[in-house]
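Notes to accompany the following structure.
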Amino acid sequence: MNAVFTENAPKALGPYSQAIKANGFVFISGQGGINPETGKLVEGGVEAETLQSMKNIEAILKEAGSDFSKVVKTTCFLADINDFAKFNAIYAEYFTSKPARSCVAVKELPANFSVEVEVIAIAE
């Protein structure tokens, strides 16, 4: 197992890694809408947060030697299920290979996120 780290995605908010590479896969920890340059949640609601989450995931995938086309599974968390359509429209622009996915609404997310996405991808 090897930890993956890039300055182009936010540092972990707790005792975990941005991602772990193991056995040909990369397991990316949940990414919210934190701008890695400021360390703060982007403003603009679920759409802005979803876009930033995708940028964070893209940076980690790149660091791990992967990309969106190699994603096999995502787990998505929304603070409000009413944001599903807005989230899904942006998500669909990035995950064009249509990986397996779970998407649930939860009571609350860390750092007041509206959205958080974790990813499993092939990383050769």
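Taken over the chain, the convex hull of the Cα atoms encloses 92 Å³ per residue. Restriction of the trypsin sites (Lys or Arg not before Pro) in region 83-117 to DSSP coil positions whose beta-carbon has at most 15 other beta-carbons within 10 angstrom yields LYS107.
The Cα-based radius of gyration and maximum Cα-Cα distance (Dmax) for region 36-95 are 12.1, 35 Å.
Note on GLU93 and ASN112: the model spin-label points, each 7 Å out from Cα along the C-beta direction, lie 2.4 nm apart. Here's the list of aspartates and glutamates a cross-link from LYS73 could span, going by alpha-carbon distance under 18 Å and ignoring same-chain residues fewer than 8 apart: GLU58, GLU93, GLU116, GLU118, GLU124. Running a GNM on the chain with Cα contacts under 10 Å, which residue among GLY33, GLY44, GLY65 ends up with the highest mean-square fluctuation? Taking springs between Cα atoms under 10 Å, the residue moving most is GLY44. The angle between the Cα long axis of helix 84-94 and the longest principal axis of the Cα atoms of the chain comes to about 30 degrees, rounded to the nearest 10. Region 72-124 and region 27-71 have their alpha-carbon centroids 11 Å apart.
Annotation for THR38 and ILE122: the two label points, set 7 Å from Cα along the Cα-Cβ direction, are 3.8 nm apart. Relative to the longest principal axis of the Cα atoms of the chain, the long axis of helix 45-63 makes an angle of roughly 0 degrees. Gain on full extension, evaluated as 0.36 nm per residue between THR75 and LYS11 minus their Cα-Cα distance, stands at 21.1 nm. Mind telling me which of GLU108, GLU58, GLU49 comes out most flexible in a GNM of the chain, alpha-carbon contacts under 10 Å? Of the options given, GLU108 has the highest mean-square fluctuation. Build a GNM of the chain with springs between Cα atoms under 10 Å apart, and of LEU13, LEU109, LEU51 the one that fluctuates most is LEU13.
Only the coordinates and a few stated rules stand behind these numbers; no lab work does. Computed from a prediction, not measured in an experiment: that's the story for all the values here. Virtual Cβ from ideal backbone geometry, glycine too; neighbours counted across all protein chains shown.
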